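Trainee: Below is the structure I would like to discuss, written out as structure tokens.
Values in this text are rule-based calculations from the coordinates and carry no lab data. Nothing here was measured: the structure is a model prediction, and the numbers come from that model. Here the Cβ is made from the backbone with ideal geometry for all residues, glycine too, and neighbour counts use every protein chain on show.
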Amino acid sequence: MKLRVIISLVVLIFVVSGFTDCYKPVTNSGLPKHIKVVAVPAFQFEPAGIRYRIESRFTSAVTNEILRRGKGLKVQGTTTGADAVVEGNIRNFSFSGVLLDSEGRARVYEVTVVVGVTVRDLKENKILYDNQNLTFRDSFEFSSDPRSFFNEEDPAVERMARAFSESVVSAIVNGMGVKEEKK
């Protein structure tokens, strides 16, 4: 009997002290409710970020990821009629040898891409998300046999584009880093 009274008092104290408000599941997007159409224009690049088709790969990856995880968001390539825009800028692209073979030739290369991204609310003219220094790295290996050579740089860039798009869309959809004014 005493145990039941003690348990009842402990539960009552938790309920009265507000511990029930600690857990609140995330049920909606981190974007403002009025955003239904997102524009993803072609990413730009700075001179240090020039590489064949890199901007189109990153643009396509972001578009596909928003369609996949955007919870009903529509995506278009132009800002006309859009509620928000995702602007990207390939700031730097580099690759370098990180592992040498016994003859002193690079066998494993590391590719690094630095991207800046901004998400703007076009209706309220506010920046919702901004990170100008997203860095992504991947590595690839050259074969020692010249007859079986396959350039692994392109698949490495594709993997980085997917990782970038997953990171950005997660931040947007889950509301992490989305700037919202407190009421």
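Trainee: So if I restrict to the alpha-carbon atoms in the range 34-174, what is the Rg, and what is Dmax, the biggest pairwise distance, in Å?
Mentor: In order Rg, Dmax, the Cα atoms of the range 34-174 give 17.4, 61 Å.
Trainee: Give the cross-link partners of Lys36 among the aspartates and glutamates, using a straight C-alpha distance below 18 Å as the criterion and excluding same-chain residues fewer than 8 apart.
Mentor: Glu65, Asp83, Glu87, Asp121, Glu124, Glu180
Trainee: In percent, what relative contact order does the range 34-174 have, based on Cα pairs under 8 Å that are 6 or more apart in sequence?
Mentor: Dividing the mean separation by the residue count of the range 34-174 yields 24 percent.
Trainee: Stretched out fully, how many nm does the piece from Val98 to Thr118 gain, at 0.36 nm a residue minus the Cα gap? Don't skip to the end; give the middle numbers.
Mentor: Working: separation 20, 0.36 × 20 = 7.20 nm, distance 3.19 nm.
Additional length available on full extension: 4.0 nm.
Trainee: In nanometres, what is the gap between the two model label sites at Met1 and Ala106, each 7 Å from Cα along Cα-to-Cβ?
Mentor: Between Met1 and Ala106, the simple spin-label model gives 8.2 nm.
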